[in-house]
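Single-structure report; data block below.
The values are calculated or read from the model by the stated rules, or taken from the named source; none is laboratory data. Computed from a predicted structure; not experimentally measured. Neighbour counts run over all protein chains shown; Cβ positions are idealised from the backbone, glycine included. Accessible surface is based on the protein model in full, side chains and every heavy atom, while ligands, DNA and RNA are left aside. Shrake-Rupley method; radii C 1.70, N 1.55, O 1.52, S 1.80 Å.
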Protein chains: 2
Amino acid sequence: MGKQATSDTVDTVTTGPIEGSVKHYIEVDELRIPVRRINLTNGEHFDVYDTSGPYTDDNAAIDLEAGLAKLRDAWTKPDVEGPRTQLAWARQGIITPEMRFIAAREGVSAELVRAEVAAGRAVIPANHNHPELEPTIIGKKFLVKINANIGNSAVSSSIAEEVEKMVWATRWGADTIMDLSTGKNIHETREWILRNSPVPVGTVPIYQALEKVNGDPTQLTWEIYRDTVIEQAEQGVDYMTVHAGVLLRYIPLTAKRVTGIVSRGGSIMAAWCLAHHQESFLYTHFEELCEILARYDITFSLGDGLRPGSIADANDEAQFAELRTLGELTKIAKSHGVQVMIEGPGHVPMHKIVENVRLEEELCEEAPFYTLGPLATDIAPAYDHITSAIGAAIIAQAGTAMLCYVTPKEHLGLPNRDDVKVGVITYKIAAHAADLAKAHPHAQDRDNELSKARFEFRWRDQFALSLDPDTAREYHDETMPAEPAKTAHFCSMCGPKFCSMRISADVREYAERQGLTDVEAIEAGMAEKSAEFADAGAKVYLPIVS
Amino acid sequence: MGKQATSDTVDTVTTGPIEGSVKHYIEVDELRIPVRRINLTNGEHFDVYDTSGPYTDDNAAIDLEAGLAKLRDAWTKPDVEGPRTQLAWARQGIITPEMRFIAAREGVSAELVRAEVAAGRAVIPANHNHPELEPTIIGKKFLVKINANIGNSAVSSSIAEEVEKMVWATRWGADTIMDLSTGKNIHETREWILRNSPVPVGTVPIYQALEKVNGDPTQLTWEIYRDTVIEQAEQGVDYMTVHAGVLLRYIPLTAKRVTGIVSRGGSIMAAWCLAHHQESFLYTHFEELCEILARYDITFSLGDGLRPGSIADANDEAQFAELRTLGELTKIAKSHGVQVMIEGPGHVPMHKIVENVRLEEELCEEAPFYTLGPLATDIAPAYDHITSAIGAAIIAQAGTAMLCYVTPKEHLGLPNRDDVKVGVITYKIAAHAADLAKAHPHAQDRDNELSKARFEFRWRDQFALSLDPDTAREYHDETMPAEPAKTAHFCSMCGPKFCSMRISADVREYAERQGLTDVEAIEAGMAEKSAEFADAGAKVYLPIVS
């Protein structure tokens, strides 16, 4: 497998199910759809979408050296005219195993999956050389997805840490991960990640190309870049960020910005364009690039190299000029049968967020939008997971298909394991809030289950149904550590003597007993029935726990 | 002062300025307006709104036993017909010292303050018996405010902890605090808080009244409640939550809800109404209550006793029926010269948030809206500061004037000191994001200053300008602890060899040197100028730190 690190450097990944749940598989024809099955204390169970791969399966043997099972090797697809990509198959009316897998995962029809992919409104990033992948779909008619960035840099982190970050991020719900390594061992790190990743892996090939020219962007060439793309394509990278929209004439539009060009890829290409006084090789060789990506069915993630890096720079001419070019490139990529998504900002105040989505949809034929936040204010370093979750929820509600997470370390340092988890959970919140707001079928089921558990004082179920059972339980235990508190009909907020939830439950019990749930009956019969309640009232409010 | 706790139980409050800043006062006539002055490393300074009172003033002597200086005792107001309330003065065209203080704090005209208060679109909660107060305004034309709840319960926390929580919450930016104590020493706790609080203090008097009847809501009477209100009014409580809109006929509307009645006040009143089969004493004695509040200039916070406690229950008939009644009560209170704000939800999915504001404004004559979040999903206990910050930012953008914070412990336990800080900072983010989205004058200045500092690698300034300098610095130091890193022109994300911010700064420097900031010049002169850049390029990208 070409992994030079010894296995004992990466044998520390987290395994075992999340508390309160077990790995379960739903059989659909020859496919096994993974779910996290939460077994409730009332005897029922609740299944949730599961990105964590075999690592949370107590029955799976994890061998990082061998990598995950090559699930998709057995999934045959017909030969068709043109490239062997999900887009090409979809256009010819073919429903692939990947599409069926996704349909079962999302609880939608396989035909919807096919139609959205065919229209270019959804993508399935799945390199033929990443057979370990459990396919996922990115498109506005499906569940909003989140990406977690990992990767080492020149000053920090090892291969072992990066593999564990991938396992850890997908454990908590990352739908894809991007390996943004810039330091040593880029190839080996990526190999370990790909062979062990159950989710699509994205990269920004220009980062590795830059390492090959010792960090001097002006020395980059098409040949060096192309070879890097092929190297990564062979390894199995599922989607690649390409900043081909940074045109020469757009660069000076950033000169008066408060924060200039903040995208690494964007600034690399800007430096190259200015130094060579010509359009970048990404732009001039774009069709050749399409041909390479088509061979592997790698999805383009057209990068926003001129995205705003501050509230002041949001929605400016530089940003939208590039977006128009990305629209042109989208058409070209699709004409080659290559799937495309479009990257978006960045830092944007709330009232300017929706315009980004409308414009992206208009200019880029509704290709899936994939945004970084956006951060709704600049003034809270150390809390940019929150500043950006606000923007992320709003932009996802407006139609963004995938959200790139932001961790508390954004702008300050590299995220550690805890930061990765906080970033992922925060973005699961933003994505789910948007799923609710878009009335995605069944999205509210989990809210309802958790709220019912809360109302019925089923504390263990409340923890198990939450995005982060460990932390929910830990917080509860800080005030009420004793085991009986997990079944107590009160909590530390009000204490045992008075509890609004308890009183409310009593009201409901009474009302239901009296047939008070019908509004007309209420209006008519209020007097008599309330009197009955008064008679029954004395015992209702007695302390229920001494 | 009636404080029975010994002073050594409450001598541990946090004092001293926030890192990177000093307390400063701007003299406006006889008034001294407090600001947090951030001294920047480039010799400039930046002043920010400051809620922290004398505790962050190195020159102030703090004596908790004596309480804060009685600032407002010297602020005389004319006698007018009717009650001595800010509303009555405003209606008669009188600009009070409180209004001038607020105008200077907000950077707006005193006439705007007066006009908004006169119209009932803004309130100044300021009990005559709380002279220690530095006045603040709550209204949609002003900066969005945030409230932090503190208070002990039957199972947890002491007076000392509560006073420190007040000091701590206002240090980080809480504009008001609510003392929601339900356990022992309610009166004493409140006295200590009021005498030492520089911000308005709110309460829910029914909580203390309930203690007086040993926790049995059916035993509550108007007389017990009235006496409790007067007791708290005499102490100086600035605003009071009153759940007078919970009418008998609305209660059964909650019976089919997923989470019934979740407001403590709401469930207390519901229990009383059902047991007595009559409208609550809050409703039937509302005019008498208005007369009491008018005497002290206490502001009503009309409570939403039937607010939704889950996504499933949002915007239902029970909630909006109560809101209509709050609209009627608003008119009555204002006819008595009493200031009014309206409390709002709760748990609401994003697409149903704006309707809450529109309806509140329509039914309640645009009285300031004061909401709890709302939480945009139910599935993330332990992260409800985040689920609710999403809702809070959106509802504030739509016109909500004050946001009640939610801490990570919501639904799980009582917040500790760290939780209070995280809740406050999170809500400052939501409030500020809304200020930006509403294009509040000068709101973006701080974003611009911080972004400029970021772009210029002034790390210390970036920390100092942030909402939480301590945590920003701590996170930076985790990866780059050495002192030189604070002035280094790179960060741990990319390492010293390559940095997009650095390249971007070089692009700008070049463009400005060449006069490239004018777009027409760019289009015309691109060729020649880019060639010049190429000549200069070689040295631009050398490592700047070895």
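With a cut-off of at least 3 residues that are among the small types (G, A, S), name the helices (runs of 4 or more DSSP H) lying wholly within the range B:276-340.
Because the criterion is at least 3 residues that are among the small types (G, A, S), the helices (runs of 4 or more DSSP H) in the range B:276-340 that meet it are B:317-335.
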- [ ] Among the residues of the range A:274-297, write down those that are buried (at least 24 other Cβ atoms within 10 Å of the Cβ) and more than 7 Å from every other protein chain (Cβ to nearest Cβ).
- [x] A:S280, A:L282, A:L289, A:L293, A:Y296, A:D297
Task: the range B:254-267 residues that are farther than 17 Å from B:H411 by Cβ, paired with ones that are in a loop (DSSP other than H, G, I, E, B) and not small (G, A, S) (beta carbon under 6 Å, 6 or more apart) - done: B:T254/B:I261; B:A255/A:L516; B:A255/A:T517; B:K256/A:T517; B:G265/B:V204; B:G265/B:H243
Open item on the list: Just checking: which of the helices (runs of 4 or more DSSP H) contained wholly in the range A:424-509 hold 2 or more residues that are touching a Phe, Trp or Tyr at 6+ places or on another chain (Cβ under 6 Å) and either modelled with pLDDT of 95 or more or not small (G, A, S) (or both)?
Closed with: A:469-479
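If I filter the range A:183-190 for residues that are more than 18 Å from A:L414 (Cβ to Cβ) and either touching an Asp or Glu at 6+ places or on another chain (Cβ under 6 Å) or modelled with pLDDT of 95 or more (or both), do I get at least one hit? Reasoning before the result, please.
Initial filter on the range A:183-190 (more than 18 Å from A:L414 (Cβ to Cβ)): A:187-188.
Narrowing further to those that are either touching an Asp or Glu at 6+ places or on another chain (Cβ under 6 Å) or modelled with pLDDT of 95 or more (or both): none.
There is no residue in the range A:183-190 that is more than 18 Å from A:L414 (Cβ to Cβ) and either touching an Asp or Glu at 6+ places or on another chain (Cβ under 6 Å) or modelled with pLDDT of 95 or more (or both).
Please count how many residues of the range A:51-67 are of a type in the set (G, A, S), within 13 Å of A:E132 (Cα to Cα) and in contact with a Pro (Cβ under 9 Å, 6 or more places away or on another chain).
Filtering the range A:51-67 down to residues of a type in the set (G, A, S) leaves A:52-53, A:60-61, A:66-67.
If we keep only those that are within 13 Å of A:E132 (Cα to Cα) too, we end up with A:52-53, A:66-67.
Those still in the list that are in contact with a Pro (Cβ under 9 Å, 6 or more places away or on another chain) too: A:52-53.
Adding up the residues that qualify gives 2.
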Open item on the list: Name the single residue that is farthest from the other protein chains (Cβ to nearest Cβ) among those in the range A:399-422 being closer than 27 Å to B:D461 by Cβ and among the polar types (S, T, N, Q).
Closed with: A:T407
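Would you say B:E223 is touching a helix residue (DSSP H, G or I) at 6+ places or on another chain (Cβ under 8 Å), charged (D, E, K, R) and either outside any loop (DSSP other than H, G, I, E, B) or within 20 Å of B:S301 (Cβ to Cβ) (or both)?
Values: touching a helix residue (DSSP H, G or I) at 6+ places or on another chain (Cβ under 8 Å): no; charged (D, E, K, R): yes; either outside any loop (DSSP other than H, G, I, E, B) or within 20 Å of B:S301 (Cβ to Cβ) (or both): yes.
It is false that B:E223 is touching a helix residue (DSSP H, G or I) at 6+ places or on another chain (Cβ under 8 Å), charged (D, E, K, R) and either outside any loop (DSSP other than H, G, I, E, B) or within 20 Å of B:S301 (Cβ to Cβ) (or both).
A quick yes/no check of all residues on (1) open to solvent by 10 Å² or more (accessible area, probe 1.4 Å); (2) touching a helix residue (DSSP H, G or I) at 6+ places or on another chain (Cβ under 7 Å); (3) among the β-branched types (V, I, T):
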| residue | (1), (2), (3) |
| --- | --- |
| B:E343 | yes, no, no |
| B:V348 | no, yes, yes |
| B:I353 | no, yes, yes |
| B:F369 | no, yes, no |
| B:A380 | no, yes, no |
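For every residue, the table says whether it meets (1) without any contact (Cβ under 8 Å) to a residue 24 or more places away in the chain; (2) assigned to a helix (DSSP H, G or I); (3) of a type in the set (A, V, I, L, M, F, W, C); (4) farther than 27 Å from B:V422 by Cα.
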{"residue": "B:A209", "(1), (2), (3), (4)": "yes, yes, yes, yes"}
{"residue": "B:G215", "(1), (2), (3), (4)": "yes, no, no, yes"}
{"residue": "B:D227", "(1), (2), (3), (4)": "yes, yes, no, yes"}
{"residue": "B:A233", "(1), (2), (3), (4)": "no, yes, yes, yes"}
{"residue": "B:G245", "(1), (2), (3), (4)": "no, no, no, yes"}
{"residue": "B:P252", "(1), (2), (3), (4)": "yes, yes, no, yes"}
Task: Output for the range A:341-383, where each listed residue is in a strand (DSSP E or B) and within 14 Å of another protein chain (Cβ to nearest Cβ) - done: A:H347, A:L372, A:L375
Task: Where B:S181 falls short, out of the listed (1) hydroxyl-bearing (S, T, Y); (2) more than 14 Å from chain A (Cβ to nearest Cβ); (3) in a loop (DSSP other than H, G, I, E, B) - done: (2)
TODO: Go through the range B:107-162 and count every residue that is surrounded by 24 or more Cβ atoms within 10 Å (Cβ to Cβ), more than 19 Å from the chain's Cα centre (by Cα) and among the polar types (S, T, N, Q).
DONE: 0
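Given the criterion farther than 28 Å from B:R84 by Cβ and not β-branched (V, I, T), identify the matching residue among B:G151, B:G120. Reasoning before the result, please.
Values: B:G120 fails: farther than 28 Å from B:R84 by Cβ.
One residue alone meets the criteria, B:G151.
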Open item on the list: Restricting to the range B:435-446, give me the number of residues that are within 7 Å of chain A (Cβ to nearest Cβ), open to solvent by less than 40 Å² (accessible area, probe 1.4 Å) and either in contact (Cβ under 8 Å) with a residue 12 or more places away in the chain or under 22 Å from B:L40 (Cα atoms) (or both).
Closed with: 2
Task: Selection count, the range B:266-306, where residues are touching a strand residue (DSSP E or B) at 6+ places or on another chain (Cβ under 9 Å) and at pLDDT below 95 - done: 0
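Condition (residue is aromatic (F, W, Y), crowded, with 22+ Cβ neighbours inside 10 Å, out of contact with any Cys (no Cβ under 7 Å at 6 or more places or on another chain) and within 9 Å of another protein chain (Cβ to nearest Cβ)) applied to the range B:447-458: is it met by at least one residue?
Filtering the range B:447-458 for residues aromatic (F, W, Y) gives B:455, B:457.
In the following step, the residues that additionally are crowded, with 22+ Cβ neighbours inside 10 Å were identified as none.
No, because not a single residue in the range B:447-458 is aromatic (F, W, Y), crowded, with 22+ Cβ neighbours inside 10 Å, out of contact with any Cys (no Cβ under 7 Å at 6 or more places or on another chain) and within 9 Å of another protein chain (Cβ to nearest Cβ).
Test A:V80 against the criterion of being free of Cβ contacts under 8 Å to residues at least 60 places away in the same chain and either surrounded by fewer than 19 Cβ atoms within 10 Å (Cβ to Cβ) or among the basic types (K, R) (or both), and give yes or no.
Numbers: free of Cβ contacts under 8 Å to residues at least 60 places away in the same chain: yes; either surrounded by fewer than 19 Cβ atoms within 10 Å (Cβ to Cβ) or among the basic types (K, R) (or both): yes.
Taking the combined requirement at face value, the residue satisfies it.
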TODO: Collect the residues in the range B:191-207 that are closer than 28 Å to B:T56 by Cβ and in a helix (DSSP H, G or I), keeping them in residue-number order.
DONE: B:E191, B:W192, B:I193, B:L194, B:R195, B:N196
Open item on the list: For A:S263, only one of the following conditions fails: (1) surrounded by fewer than 24 Cβ atoms within 10 Å (Cβ to Cβ); (2) at the interface with chain B (Cβ under 9 Å from one of its Cβ atoms); (3) not β-branched (V, I, T). What is its number?
Closed with: (1)
- [ ] Mind listing whichever residues of the range B:183-218 are open to solvent by 10 Å² or more (accessible area, probe 1.4 Å) and hydroxyl-bearing (S, T, Y)?
- [x] B:Y207, B:T218
